[in-house]
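Each value in this text was obtained by applying a stated rule to the coordinates, not by laboratory testing. Every value quoted in this text rests on a predicted model; they were computed, and no experiment measured them. Backbone-built Cβ (ideal geometry, glycine too); neighbour counts: all protein chains shown.
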Amino acid sequence: MRDDTREEAHTLATEYFQSGLQKFMEGLHDYAQADFEKALDFDPTIALAYCYLSTIHSERGECDRAVELCYRGLEHDPDNHYLHFCLGVALDQQGLKKEAIDAYLYYHQVEPHDAECIFSIGCAYDAMGQSAEARTYYEKAIAQNGHHYKALFNLGLMHTDQGDLEQAMELFHRAVQIKADYWKAWVKLGIVCSRMGKIQQAVHAYQRAADLSPKIPDVWFNLGLSHRSLGQVEEAIVAFEQAVGLVPGDLEA
C-alpha cells in the first residue's frame, strides 16, 4: 500500500471510529456498530474498536461473537488492558468464570482502582462457590466505591447466609439508601429484619418492595405475615389477597 493510500485509510478509519464513539455514547449502538466495523475495514489494528464492538455484542447476549472480537483485537494489541476487561465480560457471560477472572485480573493489575472490575471478579468467584475470595473482592469494591450498591447487596447476602444478621441488615440498609428503588435489597432487608424480630421495620421494607415491584407474590405474602405478627389483621388480609391474586391457583398462598 502506497504511503498516501495508507494515510487516507488511516484518516477514514479514525473518522469512522470517532463517529462510532459518538453514536455509542448517545446509545445508538446499531449505528455505532456499523461505524466501528467500517473503521476496522480501513484499519484492523484499532484496539478500542474491538472493545466497543465486543461491548455491543455482550449487551445483546451475543457472547461468542464478543469473545471472538476480543481475541481478534488482542492479535493486534496483546497488552491492551481494555480488551482484556471486555474479554472477561464476554467469557463471564459464557459461564467460563475461571477464564473470565484471569482476564479481569490482567485489567485489574493496570487499573487497580476500578471498582466495577473488582466487583466483577467477586461475582465470578461467587458463581464458582469460592465465598472467601468473593467476599474479599466485594469488600475491595466497596472500599474503592462506597456507593457500589450491588457489592453491598451481594456482601449482605453472604452475611445473611453466615447468620450475621446485624451486618447483613446494615449492608442492605446502605444499599437502599444509595439506590432507593432497589427492590431486591428491600426484600432482603425485610427478611433479615423479620428474622431479627424487628417486625415493624420488616413491614416497612416489604411495603417498599411491594410498591416498587407489585407483581411478586412472595413479597405480599411476607408483608401479610409481618402485619399478622403485629396483630394488624386488616392489613394482613389485604396483603394476602394481593398475593393470592397473583397466584390464584396456589392454595398455600
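Using a 7 Å offset from the Cα along the Cα-to-Cβ direction at both S213 and E111, what is the distance between the two label points in nm, to one decimal?
Each label point is offset 7 Å from its Cα along the Cβ direction, giving 2.8 nm.
Taking a point 7 angstrom from the Cα of L12 along the C-beta vector, which residues in the range 18-53 have backbone N less than 20 Å away?
Once the point is set 7 Å along Cα→Cβ of L12, 18-22, 31-50 turn out to lie under 20 Å by backbone N, inside the range 18-53.
Treating the beta-carbon of each Lys and Arg as +1 and of each Asp and Glu as -1, no other charges, what is the dipole magnitude of the chain about its Cα centre, to the nearest 20 debye?
The calculation lands at about 1140 debye.
Ordered by residue, what ³J(HN,Hα) values in Hz, to whole numbers, does the range 84-89 give under the Karplus form 6.51 cos²θ - 1.76 cosθ + 1.60, where θ = phi - 60° and Gly and Pro are x?
Each residue's phi maps through the Karplus curve to give 5, 5, 4, 5, x, 4 Hz.
Take the Cα atoms of the chain, build their convex hull, and give its volume per residue in Å³.
Details: hull volume 38.2 nm³, N = 253.
Given the Cα convex hull of the chain, per-residue volume reads 151 Å³.
Longest segment of the chain with no GluC sites (Glu not before Pro) in a DSSP loop having at most 12 other Cβ atoms within 10 Å?
Values: sites that count: E26, E252.
With GluC sites (Glu not before Pro) excluded where exposed in loops, the chain gives 27-251 as its longest stretch.
For the range 1-45 and the range 94-155, what is the centre-to-centre distance using only Cα atoms, to the nearest Å?
33
Applying 1/(1 + (r/R0)^6) with R0 = 22 Å to the Cβ-Cβ distance of Q22 and R60, what FRET efficiency is obtained, to the nearest 0.05?
E(calc), rounded to 0.05, equals 0.65.
Only loop residues by DSSP count here, and only those with at most 10 other Cβ atoms within 10 Å; note down the trypsin sites (Lys or Arg not before Pro) in the range 139-229 that meet that. Could the numbers behind the result be given before it?
Details: sites: K140, K150, R174, K179, K184, K188, R195, K198, R208, K215, R228; in loops: K179, K198, K215.
When the trypsin sites (Lys or Arg not before Pro) of the range 139-229 are filtered for loop state and at most 10 Cβ neighbours within 10 Å, K215 remain.
Between D77 and A180, with labels modelled 7 Å along Cα→Cβ, what's the label distance in nm to one decimal, could you check?
The answer from the label model is 4.2 nm.
Which of the pairs K98/K150; K98/K215; K38/K98; K98/K140; K38/K140; K140/K188 have their Cα atoms more than 29 Å apart in this structure?
Long pairs (Cα-Cα over 29 Å): K98/K215; K38/K98; K38/K140.
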